[in-house]
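Input: a single structure, listed below in structure tokens.
The values are calculated or read from the model by the stated rules, or taken from the named source; none is laboratory data. Fair warning: this is a prediction, and the values are worked out from it, not measured in the lab. Neighbour counts are summed over all protein chains in view; Cβ atoms, including those assigned to glycine, are modelled from backbone coordinates with ideal geometry.
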Amino acid sequence: MFRFASIRLLRALITILAVITFAFVVLRLSGDPAQVMLGPDVPQESVDAFRKAWGLDQPLWIQYLSYIRAIFTGDFGVSMRDKASAMQLVIERIPATLQLTIPALFLKVVIGIPAGVYAALHRQSAIDRGVILAAIFGFTIPSFVMGLLLVLIFSITLGLLPSGGQDTWQHGILPTLTMSIGGIGILARFSRSAMIEVMGQPYIRTASAKGMKWQDVVWKHALPNAAVPIVTIVGFMVGTLIAGAVVVESIFSWPGIGRLLVVSVSNRDLAVVQCILLLVAATMVVSNLIVDLLYGFLDPRLRAQSAH
Amino acid sequence: MSEHFKTPLIEAKGLVRTYEVRQGMFGRATPVRAVDGIDLRVMPGETLGIVGESGSGKSTLGRMLLGIDPPQEGQALFEGKPMPKLATPEWRALRAKMQFVYQDPLAALDRRLTIAEQIGEPLAIHNLVPKPHRETRVAELMSAVGLRPDQAGRYPHELSGGQRQRAVIARALASRPKLLVCDEPVSALDVSIQAQVVNMLRDLQEKNHIAMVFISHDLKVVRNIADRVAVMYLGRIVEEASSDVIFKTPLHPYTKALVSSVPVPGKLLQGRVILQGEPPNPANRPSGCAFHPRCPLAADICRTSVPQLLSVADGRTAACHMVTRAEASVAA
Amino acid sequence: MTVTDIARPQSPNLSLFTRFIKQVRKVPFSVTFGIVWLVGMVVVAVFADVIRPYGITAMDLRARLSLPGNPAHLLGTDELGRDVLSRLLQSIRVSLAIAFGATIISAVFGTVLGFAAAKFRGAVEHLVLVLADFQAALPFLIMSLAVLAFFGSSMPLLIGLMGFYGWERYARIARGLAISASAQGYASAVVQLGATPGRVYLHHILPNVASTLIVSMTLTFPEIILMESGLSFLGLGVQPPETSLGNMVGFGREYLTRAPWIMLAPAFVIMVTTLSISLVGDWLRDKLDPTLR
């Protein structure tokens, strides 16, 4: 088990390092960083001073190493817009994003998984068909369309809910809903097919043939086995929470990380962009790691296979 | 009896092949000797049958003879020259002279191409026949193996098992090879079809003067086609002799057990030797003679020393302490 | 094993037309609808210049924000008097062209890498797998935003960027199928015949892999459309004066209250198109390879 965990941890660290390297490479490729960071109207002496201050006249590999060091001390540089520390700006926005993403995740899991499982156990019922339909919609309606449609219906036509800003808790309803609807459909469909596959296995038939109560068959045999693929998808969804927030926060003018990212990209505020990029990568990697470790816990076969 | 002074078509000298097998997550890697020192030779036009259970290493040996699996020790020689390294242009060019017939014809054929295209593929690869004449040659090959001309446009899954194997054989013969290595070519077929295919192989071999190495676990089939038979156990040859001799008077206890299980039509099965113990596991090789845990004749020496393959009569060899001692005492 | 050793009868020689009709009848309605829609979209994409009633920047200032249904502007106009229908047709062309180009780039790139990993094993395989893991580790949207931040949004960059979407899926499929082909099957048999690796891959493995790859392409194609639309919606994808479906939705957002049709038309097209591709893709997958899920 220890070996399993340490391999996973190592891979996670390597992935983070790869992302850092990616950011470094792209940054260097996109032109002279000093020029880019400072903007076009700055006199040459400032550019040179900047380069010296940042060690940009050093050989590339030294730059790489100091880049890594800077990241680990949380120093991403200064945001061009606000002259505040990039890291600071990002951290300030995290709570706002969490206010949307955590309830959204909660809804996805609490509605999606049971709906999917129920649909699998009651094939051809209304719920089953409903789940399939919901899944199709979840997949084909992009979040920006969904968000705008919801605004059209609930804010403009019905006048029930506000459409922008973060003032009251009611402001959070539509954004959270937008974030969760697609995910509910996808998670429901996925849980449904995972459950169907498990229920088709011979050991389920054996269990019920042994005279086990149907509830016990489902709770003790089917669900734990279906849990593995479902946990994977949930883990994946956790990792992509911030990505999902990007569009939604832009539509609803919600002051979270997603919106910050879009604004920073438009302004080419590279310090902030790098910071967010690494934050997202770290989130993704950590959630994958947790899922992997949970796997090893849930499925003993995977523990045995992992050492190659 | 006079020795042939021709060079053997294919010769193996001390072939050894080992695999590394890891036991579970924390186990150490144990080397497994699939082929443990094999010497043999096949003359042009001759058929050598290689008989053994699964785990005996016979399939690995077949691949080594063709140069597909490289030996860790020893050499395989073709027409007196060492086998070129796998996947080099020389190795590829040599394929025209030596071919392989597989156990599962469906797996060996590309499901997207017609059998006519596949039979003609060696002609295209080695540029043996100019394009306009290829169709005629393919038709010749098809009729030689007993396939009808209207089957040329069929796909592998549209044919029966026997027909597929005929197609594989036709493809193998396209480049007029001098050697055919067949690994369990009829095991996946119905018993009635097996006989047809084996007879066909024999006829083709005689007509075209092809040497054959016929690998099988099924003695009944080998008997029909082989001139000489080598019996393998856990990577070593335990007995080798001409086909008639080995069936009439098997010497090695393992061979005796195998032969005694072959039914002879018209007679009751008598004197059948039933082997005790577990089938051989190459990862867990017994000490001394690998067969000793199951051998009715096992003595102390069998537990400690590995018997060598020694000549016990003209054109016969056996690897058994009991046999060689007995023959030696007879000769003495 | 005792299997009855008989050949399957060859399909009877019905006329080509009769067989075609039989095939069409077997197709479920939703899939037919999807196919018809997609064909329509492709026609629009190819002939947009000819079909389009107006230029995409042509402004009819007297008819600003007019409602759809009037004969001069079937789908209405936007705040600058530009004909929504014309812009929609052009957007379809742009979005489809980007998605199509990106899908091809991604498929070729991924397949080549997958084959390379299967053929050379060792370090090459490790490198490809690590790259694939890396690609799967970062949400594509975030990564594209980062790249766009550094390099700015230009059309070639956008297509190239979208071309990285999903390559790792093709790579994994190609690698898996190539490995299984060589391990026990026809690929090793053909090598045994003396074929060069080039012949083995081009003549045998690729055609066999193609059907699986095509199905995978039908899965990534709609995702690329959605991704590009999302980026364009945020103002970071296709830049004006060019117009794309996401672009139009983004612009239409400001006039949601007064002129919702500006946003609804492209949104509708996005939804129905991705739905159609999903339906057709699912059906294709079932037909070509029922063991895939």
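One residue stands out in segment C:233-255 among those that are small (G, A, S) and at the interface with another protein chain (Cβ under 10 Å from one of its Cβ atoms): the one that is surrounded by the fewest Cβ atoms within 10 Å (Cβ to Cβ), namely C:G235. Criterion applied to B:G27, B:G62, B:G55 was being within 14 Å of another protein chain (Cβ to nearest Cβ), within 30 Å of B:E278 (Cβ to Cβ) and modelled with pLDDT under 85, and the one residue passing it is B:G27.
Helices (runs of 4 or more DSSP H) fully within segment C:183-293 that include at least 1 residues being within 30 Å of C:R82 (Cβ to Cβ), among the aromatic types (F, W, Y) and more than 20 Å from the chain's Cα centre (by Cα): C:245-252, C:261-288. For segment C:119-136, the candidate set comprises residues that are surrounded by fewer than 20 Cβ atoms within 10 Å (Cβ to Cβ) and of a type in the set (G, A, S); within that set, the residue that is nearest to the other protein chains (Cβ to nearest Cβ) is C:A136. Within segment C:138-165, being within 11 Å of chain A (Cβ to nearest Cβ) and touching a residue at least 24 places away in the same chain (Cβ under 8 Å) holds for C:F140, C:L141, C:S144, C:L145, C:L148, C:S153.
Under the condition of being within 7 Å of another protein chain (Cβ to nearest Cβ), in a loop (DSSP other than H, G, I, E, B) and surrounded by fewer than 20 Cβ atoms within 10 Å (Cβ to Cβ), the residues counted in segment B:86-111 number 0.
Taking segment C:51-161 and the helices (runs of 4 or more DSSP H) fully enclosed by it, the elements with 2 or more residues that are closer than 24 Å to C:R258 by Cα are at C:84-120.
Matching residues to (1) at pLDDT 80 or above; (2) touching a helix residue (DSSP H, G or I) at 6+ places or on another chain (Cβ under 8 Å):
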residue: B:S242; (1), (2): yes, no
residue: B:P265; (1), (2): no, no
residue: B:L268; (1), (2): no, no
residue: B:E278; (1), (2): no, yes
residue: B:D300; (1), (2): yes, no
residue: B:V306; (1), (2): yes, no
residue: B:L310; (1), (2): yes, yes
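Select from segment A:110-141 the residues that are under 20 Å from the mean Cα position of the chain (by Cα) and touching a residue at least 60 places away in the same chain (Cβ under 8 Å) and write down the one among them that is farthest from A:T178 (Cα to Cα). Per the stated criteria, the residue is A:I113.
A:L278 fulfils the conditions (1) hydrophobic (A, V, I, L, M, F, W, C); (2) farther than 22 Å from C:S229 by Cβ; (3) without any contact (Cβ under 8 Å) to a residue 12 or more places away in the chain except for a single criterion, (3). A residue that is touching a helix residue (DSSP H, G or I) at 6+ places or on another chain (Cβ under 6 Å), part of a helix (DSSP H, G or I), modelled with pLDDT of 85 or more and hydroxyl-bearing (S, T, Y) cannot be found anywhere in segment A:199-217. Within segment C:47-70, being over 21 Å from C:F268 (Cβ atoms) and either out of contact with any helix residue (DSSP H, G or I) (no Cβ under 8 Å at 6 or more places or on another chain) or of a type in the set (A, V, I, L, M) (or both) holds for C:D49, C:V50, C:T57, C:A58, C:M59, C:D60, C:L61, C:R62, C:A63, C:R64.
Scan segment A:155-185 for residues that are in a helix (DSSP H, G or I) and either buried (at least 20 other Cβ atoms within 10 Å of the Cβ) or away from chain C (no Cβ under 12 Å) (or both) and the total you get is 17.
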